[in-house]
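Each remark here refers to the structure printed beneath this line.
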Amino acid sequence: MISPSAATWTDEFLWSKRKRGDSLADETINAILLDNQKGEIDQIFQMLVQNRNFPNPAFDVLPDRVKKIVEDYFVKTRRLPDWAEPFKLAVASDVFKQYGPKILLLLLCKSLPLCYTCWRGAKVLYRTGRLRVHDGSLDSFTRRLMETAQFVVNVLTLNSFEHDGTAIVSIQKVRLMHAVIRYHAQQHRWDVSTYGIPINQQDLVGTLLSFGVVIIDGLKQMNIELTPEESEAYLHLWKVVGHMIGVDDDLNTESAEDGRFLMNAILEQQAGRSTDGGREGIELTDACIDLMNSRLSFGPFKNLPSVFVRFFIGDQYADLLEVAKADDKDDSLAIDAIQWLDKSFRSGSDRHLLMGAVGRAFSNQMIDLLMAYYNGAKREQFYLPSALTDTWESEKPDFRIPPAQTIEEVIFYLDKVARHLRSQNNPIGLFCAVYKLVTIRVQEGLRANRFDNPVEMEQVDVGFGNRYFEALNNYFDGKTATSPWQLSFEAARTLITTDQYIFTAANAHISYDLPIVVAEVYKGKDLELFKDDFVKMNDLFGDMYDQMNDNVGRIFRPFGTMVTYFSDRIKAVEQAVMNAGREQAWTNSRALHQAKTETERQQLLKDLEAQSAKMGRLVARPPWLLRLPLMYVARKEFGTTAHKVDVMLRTALLPTIS
């Protein structure tokens, strides 16, 4: 690796970096587009949005040539540099765990506005950032800001640099996106002589520095000073990110002193007004301020975000971006008083005591702001791991699951929830992981034209998934779910076996949710037309018994031994139980479908809920003669809940029995 040096960062050297992109990612995109296959680029990014893991079986649908190019890219970019230090990455994550709300506030008030002062780099952000639409709203650019915030969270969360962790996958996706932007911008009259290559090396390292040393300096402005070890670890993490996202080694530094020197050199060379009077940088900054105003300012604190931006970036750059000044006529008395007192404090000290305290206080509202965001275009909500929100004392859950519209969306959110619950070692994730695999089987059946009524089948599957998501949202909110689901959630807090966790939840889903959804989808239609598809849907699960028994056998080794010798008998019992449940679910579906009045329907629903809850209690808390040996099995199961969810997702397997 070439060690960066401030001595080499001359004005001429920095200008030369505006002519360089990212050869690895650029060559990947150019190779894919060799045959003008723009549709495949769109397809790849759609897959990346919906599938967070690699190797990714979704890529199997791509032409062989394109599939090889894409997989080669992911293989080459997934490894951490040899010099990466896992302990420092963990320390950096702990810094974010302690000061995350402050860092996210600084992202909008300091890091990004400083980047927007560099008018050449801001040009590509403005052109590709999906900014102000014709009605003047900033909704489309808000998505871009939230994507940036999500990237920062993904990178700084603990263990995110583990094998195919959120940091690695996020970096791979962003790096590929940068290459697509570079390609298309240069196909549409991009002035390289004036602006340099879009998202060039100088722009890349400037952005990384704004996430690194600029944040550390912003924390100091808030009277939060990291220890030397914390500062070193935090900058080390961003150096790792820089290497993995394609920053040249001779620009990539983790020294705070060198980082400040390089950031200041870039600002000195690039900060200024564009030929349109600087409107692009101004509007980019306005988007940050408008986003914060929507949540962080109220009553007498209206316009506080503008005060924050000016405070954190300083008057020189704030004037460049036309951020409101202290004497703004729209400021309230409270805002005027804060600014007057802050200047008084600063006259005798550089510690900025008042504004630092105000910033720290208001930063806690960043969590509410971010968690409230939902990207309708991607049906994606901003995501924060509970390990962070618990520390930040936020009452918000990790995320809300929006209503799915397609079976692909059901699978996407099942995977997301399963991985989230896995990170918490929460047994609820066990059923979620199994449910994902079952839904994939239905999707495969739809693709293979196995069903006579494919439209209704997908409607049933999506409605089925949405009822589960509704129950989970209640769980995340701390609200009471319907009786069968509430029982399964409470069972997850007790000592029961993996099978009991899964079947308690499966009971709620099949005996209670399924009849309701089937009756709703076929309201006003002939339900008997669905009977064969109903049977086929259940039959699709039949060939999963071997896999499921193997999963459980790896978790509880004695069962693995039994499967070895009594596989056929065990499967016969399982199929008999499933067939009985299927027949009862169909009977209940028919009863709900045939209900003559709403009163009759409500009584059927009440009875159905009670019956399902009764069956769930029997699974979760069987008679003592059976409960005692099951508790013994639960204690002897191998691995943590996270291990078990991995097994159910088939992303990792525990060793087989000897």
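The values are calculated or read from the model by the stated rules, or taken from the named source; none is laboratory data. Nothing here was measured: the structure is a model prediction, and the numbers come from that model. Methodologically, a virtual Cβ is constructed for each residue, glycine included, from the backbone with ideal geometry; neighbour enumeration extends over all protein chains shown. Surface areas here come from the heavy atoms of the whole protein model, side chains and all, with no ligands, DNA or RNA. Shrake-Rupley method; radii C 1.70, N 1.55, O 1.52, S 1.80 Å.
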Scan (1) of a type in the set (A, V, I, L, M); (2) at pLDDT below 85; (3) open to solvent by 10 Å² or more (accessible area, probe 1.4 Å) for the single condition residue 421 breaks and write down its number.
(3)
Kindly state which helices (runs of 4 or more DSSP H) lie completely within the range 433-523 and contain at least 3 residues that are surrounded by fewer than 17 Cβ atoms within 10 Å (Cβ to Cβ).
454-477
For the range 200-233, which residues satisfy the criterion of being β-branched (Val, Ile, Thr), open to solvent by 20 Å² or more (accessible area, probe 1.4 Å) and under 17 Å from residue 262 (Cα atoms)?
207
State whether one or more residues within the range 167-190 are closer than 18 Å to residue 18 by Cβ, polar (S, T, N, Q) and at pLDDT below 90.
yes
Here's a check for you: in the range 136-150, which residue that is under 18 Å from residue 122 (Cβ atoms) and in a helix (DSSP H, G or I) is modelled with the highest pLDDT?
148
Given (1) assigned to a loop (DSSP other than H, G, I, E, B); (2) closer than 25 Å to residue 287 by Cβ; (3) modelled with pLDDT of 85 or more, number of the condition residue 160 does not satisfy
(2)
Taking the range 605-658 and the residues there that are at pLDDT 75 or above and touching a Lys or Arg at 6+ places or on another chain (Cβ under 8 Å), the one that is most open to solvent (accessible area, probe 1.4 Å) would be 621
Unique residue being open to solvent by less than 90 Å² (accessible area, probe 1.4 Å), outside any helix (DSSP H, G or I), at pLDDT 70 or above and of a type in the set (Gly, Ala, Ser) when the list is 595, 580
595
Kindly indicate whether residue 168 is β-branched (Val, Ile, Thr), out of contact with any strand residue (DSSP E or B) (no Cβ under 7 Å at 6 or more places or on another chain), open to solvent by less than 10 Å² (accessible area, probe 1.4 Å) and not in a loop (DSSP other than H, G, I, E, B).
yes
